[in-house]
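Heads up: the structure comes next, in structure tokens.
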Amino acid sequence: MIRVLIVDDHKVVRQGLRLLLDQEEDIEVVAECADGAAALRAVHALEPTVVLLDLFLAGQDGLSVLAQIKRDRPGTEVLMLTSSEADEHLLAAVRAGALAYLSKSAGVDQVVESVRAAARGESLLEPRIAARLVRKVREAGAHRPVDPLSPRELDVLRVLARGRSNRQIARTLAITEDTVKAHVSSILAKLGLADRTQAAIFGLQQGLVPLDDALNDPD
């Protein structure tokens with residue numbers, strides 16, 4: 001069972017997300033919180049699998065709550081939920097440890113599948129958001145060569161950069177999920193990246209998937 005904590009200072013948003021997620025047999029909403037202090041207490045007491053966290057909270061902002069969650073309970077995955085369109089917010093959330101960044105206008109299926117992916121330690125980063133993050137990273141002059149990767153690892157990274165799950169990568173490349181997991185772990189280690197989200201952004205940044213393709217990817 002995927003245990004979810006919802007953190008948002010708007011009651012209507014919290015209730016809407018709970019109603020949405022409670023329809024899923026494999027997801028349990030363990031609590032709702034309206035501020036950062038309550039969220040941190042709930043994370044410690046309830047040990048949720050995934051936290052849906054609003055970027056903007058009264059008092060303590062979502063980024064500082066995110067950083068503290070990842071510091072105290074690194075195994076708890078965090079999905080940032082916000083209506084912000086600012087690139088600096090996207091980049092800051094990823095750097096602080098967010099596994100994905102969901103718009104409050106995201107569709108029902110996208111929210112549910114993102115929660116499930118997060119529970120597996122995967123990120124279904126929306127291609128348009130990934131592309132925006134890449135542009136921001138490029139502006140900062142970031143660069144990482146792909147030379148350390150094997151040809152098969154490059155294949156895995158190309159598919160991962162399109163926001164695909166391990167299962168989808170395995171199906172695309174005709175390999176097992178365990179093999180995909182091994183390749184992803186090797187990719188992260190070789191490139192010094194923290195998680196799949198950073199790997200996806202890196203893949204786009206290095207041109208493994210053209211930005212135009214990512215922006216127009218229907219999935």
Review point. Based on DSSP H runs of at least 4 residues, each adding -39500 (n - 2.57), what is the mean residue ellipticity at 222 nm of the chain after dividing by all its residues, to the nearest 500 deg cm²/dmol?
Key: -16000 deg cm²/dmol
Exercise for review: Please identify which residues in the range 97-118 have an amide N closer than 20 Å to a label point set 7 Å out from the Cα of residue 1, following the Cα→Cβ vector.
Suggested key: 112-113, 115-118
Practice item. Taking only Cα atoms and a 10 Å spring cutoff, compute GNM fluctuations for the chain and point out the largest among 195, 54, 147. Key: 147
Review point. For the range 1-128, what is one quarter of the convex hull surface built on the Cα atoms, given in nm²?
Key: 6.8 nm²
Check your understanding: Is the range 81-127 best put as rounded, prolate or oblate by its Cα gyration tensor, with a ≥ b ≥ c the root eigenvalues, rounded for a/c under 1.5, and otherwise prolate when a/b is larger than b/c, oblate when not?
Key -> oblate
Point to revise | Relative contact order (%) - the chain, alpha-carbon pairs under 8 angstrom, separation at least six | key: 15 percent
Practice item. Pop a pseudo-label 7 angstrom from the Cα along the beta-carbon direction at both residue 194 and residue 61 and give the gap in nm to one decimal. Key: 1.6 nm
Revision key, fill the gap. Expressed in µm² per second, the diffusion coefficient of the chain from the Stokes-Einstein equation, with Rh the Kirkwood radius over alpha carbon pairs, at 20 °C and 1.002 mPa s, is 122 µm²/s
Review point. What percentage of the solvent-accessible surface of the range 1-67, computed with a 1.4 Å probe over protein heavy atoms, is contributed by carbon and sulfur atoms?
Key: 54 percent
Review point. For the range 1-125, what is the accessible area per residue in Å² when the probe is 1.4 Å?
Key: 43 Å²
Study note, to complete from the structure: The answer for the net charge of residues other than residue 167 whose Cβ lies under 12 angstrom from its Cβ, with Lys and Arg +1 and Asp and Glu -1, is +1
Practice item. Quickly work out the residue 167-to-residue 20 label distance, labels modelled 7 Å from Cα along the C-beta direction, and quote it in nm with one decimal. Key: 2.0 nm
Check your understanding: Not counting the cut sites, what is the longest span of the chain without GluC sites (Glu not before Pro) that DSSP labels loop and that have at most 10 other Cβ atoms within 10 Å?
Key -> 86-219
Exercise for review: Rank these by accessible area, largest first, 1.4 Å probe: 19, 53.
Suggested key: 19, 53
Check your understanding: Between residue 152 and residue 186, what length in nm is gained on full extension when 0.36 nm per residue of separation is reduced by their alpha carbon distance?
Key -> 11.1 nm
**Study point:** Exceeding the 27 Å Cα-Cα cut-off - candidates 70/104; 11/70; 104/181
**Key:** 104/181
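The values are calculated or read from the model by the stated rules, or taken from the named source; none is laboratory data. Because the structure is a prediction, the values reported are computed rather than measured. Using ideal geometry, Cβ is built from the backbone for each residue, glycine included, and neighbour counts are taken over all protein chains shown. Calculation scope for accessible area: heavy atoms of the full protein, side chains included, ligands and nucleic acids excluded. Shrake-Rupley method; radii C 1.70, N 1.55, O 1.52, S 1.80 Å.
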